[in-house]
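These notes concern the structure reproduced below.
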Amino acid sequence: MRRTPAFVDLRFARDSDLEALFLLIRDTIEFSYRGVYPDSAVEFFKRYHSGEKIYERIQNGVVLVLEKQGRLVATGSLVGNEILGVFVAGDHQDRGFGKEIMFVLESHAKLRGLRSLTLSVSLPSEGFYRKLGYEILKPRSIEMPYGERVDYWEAWKIIP
């Protein structure tokens, strides 16, 4: 793992982190997606990142958590060659925590012999991933009830 400030612990998620991870992700979706996406889309994202899905990621991939003073404030997952579920608590955004998690996930991918990574990019996170060198490939959308949509992009990056 990379060295982080003394008051921050970046580590692998444990099964015992499941509830805190679920709450972190749910609260971050509320903070970051409400007002950007319609309500049905916000609820879709919450279901997509359910406790069961988080548990599957812990069992089948690499799930990192960043803990600050006993509170989980950021997380990110790598399953296969796909980055999933990178979330930073609203009150901890813009401090480099998401970038740190992405760097470590990319390092794990490289150690596993992967040459590229894929991910789905939400509307609020497009700039973040572009700055990290991810190429936005094509727009995607999922139809929601009442004519609403979840818009996002497919993206990828060659690992140097």
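Every read-out reported here was derived from the displayed coordinates using simple, explicitly stated rules and does not represent laboratory data. It should be emphasised that the depicted structure is a prediction, and the values quoted were computed from it without experimental measurement. Ideal geometry is used to build each Cβ from the backbone, glycine not excepted, and the neighbour counts take in all protein chains shown.
List of remarks:
- Cα gyration tensor, the chain - rounded (a/c under 1.5), prolate or oblate: oblate
- Other-chain or far-sequence residues with amide H under 5 Å of residue 84's (modelled H): 77, 78, 79
- Amide H partners (placed H, <5 Å) of residue 148, local residues excluded: none
- In this rough spin-label picture, where each label sits 7 Å from Cα along the Cβ direction, the residue 112-residue 82 distance is 1.2 nm.
- Amide H within-cut-off set for residue 140, under 5 Å, with H built and near neighbours excluded: 152, 153, 154
- Multiplying the residue separation of residue 156 and residue 126 by 0.36 nm and subtracting their alpha-carbon distance yields 9.6 nm.
- Stretch gain in nm, segment residue 46-residue 137, where the contour uses 0.36 nm per residue and the Cα spacing is subtracted: 30.3 nm
- Charge sum, other residues only, whose C-beta stays under 9 Å from residue 81's C-beta, Lys/Arg counted +1 and Asp/Glu -1: +1
- Net charge dipole size for the chain [Lys, Arg +1 and Asp, Glu -1 on Cβ; Debye, nearest 20]: 660
- Prolate/oblate/rounded label for the range 28-99 (Cα gyration tensor, a/c 1.5): oblate
- Derived scalar couplings ³J(HN,Hα) [the range 132-148; Karplus, 6.51 cos²θ - 1.76 cosθ + 1.60; whole Hz; x for Gly, Pro]: 8, x, 7, 8, 6, 8, 7, x, 9, 8, 10, 6, 10, x, 6, x, 7
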